[in-house]
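Quick note: the coordinates plus some simple rules give every number you see, no bench work behind them. Bear in mind the structure is a predicted one, so any value in this text is a computation, not a measurement. Quick reminder, even Gly has a Cβ in these numbers, built from the backbone with ideal geometry, and neighbours come from all protein chains shown.
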Amino acid sequence: MRRSIVHEGATNLKYEIREIVGVAREIRSLGQTITWENIGDPVEKGEALAPWIRDILHELLELPTSYRYCDTAGVLETRAFLAEAVNGREDGIQITPEDIIFFNGIGDAVARVYGFLKREARVLGPSPAYSTHSSAEAAHSGYNHVTYDLDPYNGWMPNVDDIRNKVKYNDSIAGILLLSPDNPTGAVYPREILDEIVAIAQEHDLFMIADEIYTHITYPGYPRMHMSQWIQDVPALAMRGISKEYPWPGARCGWIEVLNRTRDENFNTYVNSLLAAKRLEVCSTTLPQMSLPLVCGNGRYKRHLEERALMFSKRADEAVGFFGGCDSVIVNKPGGAFYLTVMFKDGVLNDGQALPIENRVVRERIEALVRNVSPDKRFVYYLMGATGIVVVPLTGFQCGHAGFRVTLLETDDAKRAWIFRTLRESIDAYVGS
Ligand SMILES: Cc1ncc(COP(=O)(O)O)c(C=O)c1O
């Protein structure tokens, strides 16, 4: 090319959760049976959409209006329904239907939200990080994502002092991102921590982003709060979607709720640019939006959410139980979502460890793959070769700690028990090898 056509941020586009699929497919072609534990798709793991939700979707298929384009911001009746839900929350701030913008999933919203930020304006996000956010933020700036630490020795809670210092000494930081419940840790933040982060945003005139895709999968006993209830007067974006809740990830349907939009002219102009960009592609998927008032407004939805949250809470207890007494790892019980992060304690891993792999071809391929990889990726590759279980290395989540993320999605009870038992046995065998 006479001019480079590669964007400065191109090398920052990493998504380990899916990149490991290529390696796993190769290992499968060599004879290993694979158990996919890398991706957070409940449907892929066997969860069926509730019959009453399917009935609603069937009815929508009969309506001619389901097949049209909709307003750029989204179906007006749905936005009115969602705004009313926000306005009905206890102690929450108020919004209007104009404060809601639909996207083709949060993934699409993330690309827009970071893509239309001024290049020098950075968003400080958690580490470990969910790659869609961290990669998009890094790609927009052309530098590595700026992060604050989640503390594995304190239930993966945000290190608020770290946030305060990074904000104070890096004036390019314009916003703070948080996910609660978090991916990959499943941590749910208590009100006090949220208030401290809000105070930092207020003091330094920042905006905030909360990814709320798992907020309706908060386990019993943990605080289930929406950003509109704790954000006070800070301009902010709450991101929501139906991928994990219905669950219907293939719908590609998510939205942002713009909070305190008129409190800052610059923020308002920025939000208008998000809508203007969406206008260029007309609108997002119509039918899933039309389903929202019918599904979420249905008397059965509350129970549906409660039952799923309880189910994942029980699975989390069960999974954590398998790591009891294991000195090599830190395992914090999640308070929401459907992931479990297993972290290796410092110094536990080295590059001489291995797991026995019977199939010679698989073994040789794994031995070739583990040259020059991070210590946790080495474990993950050996685990794949020896047991077929595919998890995601923690260092793939923009994180300095070694470990891996596994899901709580397996619907077959016996298989789920096998997965966690095998993980525990593999850790013991690998560390002791
Ligand atoms: C924290 C988080 N946000 C967003 C998404 C993707 O959402 P969507 O399917 O709406 O693009 C995921 C998917 O795993 C996620 O874990």
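With respect to the chain, whose longest principal axis is taken over its alpha-carbon atoms, helix 51-61 is tilted by about 50°. Excluding residues fewer than 8 places away in the same chain, name every one of the aspartates and glutamates whose C-alpha is closer than 17 Å to that of LYS278. Candidates past the 8-residue exclusion: ASP71, GLU98, ASP99, ASP108, GLU257.
For the chain, the ratio of Cα radius of gyration to the globular rule of thumb 2.2 N^0.38 Å stands at 0.99. In this structure, the amide hydrogen of GLY40, modeled 1.01 Å from its nitrogen in the peptide plane, lies closer than 5 angstrom to no residue at least 5 positions away or on a different chain. Here the chain is treated with +1 on each Lys and Arg Cβ and -1 on each Asp and Glu Cβ, and its dipole about the Cα centre works out to around 1080 debye. With a simple spin-label model that places each label point 7 Å from the Cα along the Cα-to-Cβ direction, the separation between GLU367 and LEU275 comes to 6.3 nm. Secondary-structure-derived ellipticity at 222 nm for the chain, considering helices only, amounts to -13000 deg cm²/dmol, per-run term -39500 (n - 2.57) for DSSP H runs with n ≥ 4.
Taking the charge dipole of the stretch 297-423 about its Cα centre, with +1 at Lys and Arg Cβ atoms and -1 at Asp and Glu Cβ atoms, the residue from SER328, LEU394, SER313 reaching farthest to the positive side is SER313. Comparing the stretch 51-296 with the 2.2 N^0.38 Å rule of thumb, its C-alpha radius of gyration ratio is 0.99 (two decimals). Residues whose amide H lies under 5 Å from that of VAL329, counting only those 5 or more places away or on a different chain, are LYS345; hydrogens are built 1.01 Å from N in the peptide plane. Simple rule: put +1 on each Lys or Arg Cβ and -1 on each Asp or Glu Cβ in the chain, find the dipole, and look at MET1, SER135, ILE39; the Cα lying farthest toward the positive end is MET1. Kindly flag which residue pairs out of LYS166/LYS345; LYS333/LYS415; LYS166/LYS377 have an alpha-carbon separation exceeding 32 Å in this structure. Check vs 32 Å cut-off fails for no pair. Can you work out the base-10 log of I(q)/I(0) for the stretch 55-192 at q = 0.15 1/Å, using the Debye formula on its C-alpha atoms alone? Each listed q maps to, in turn, -0.95. Rounded to the nearest 20 Debye, what is the dipole magnitude of the stretch 51-296 about its Cα centre when Lys and Arg each give +1 and Asp and Glu each give -1 at the C-beta? With only Lys, Arg, Asp and Glu charged at Cβ, the dipole is about 600 debye.
Sorting HIS216, HIS133 by the number of Cβ atoms found within 10 Å of their own Cβ, with the fewest placed first, yields HIS216, HIS133.
Backbone geometry of the stretch 367-378 corresponds, through the Karplus equation with coefficients 6.51, -1.76 and 1.60 at θ = phi - 60°, to 3J(HN,Hα) couplings of 4, 6, 5, 7, 5, 6, 10, 5, x, 6, 5, 4 Hz, x marking Gly and Pro. In this structure the amide hydrogen of GLY125, modeled in the peptide plane, comes within under 5 Å of the amide hydrogens of VAL146, THR147, TYR148, LEU177, none closer than 5 places in sequence on its chain.
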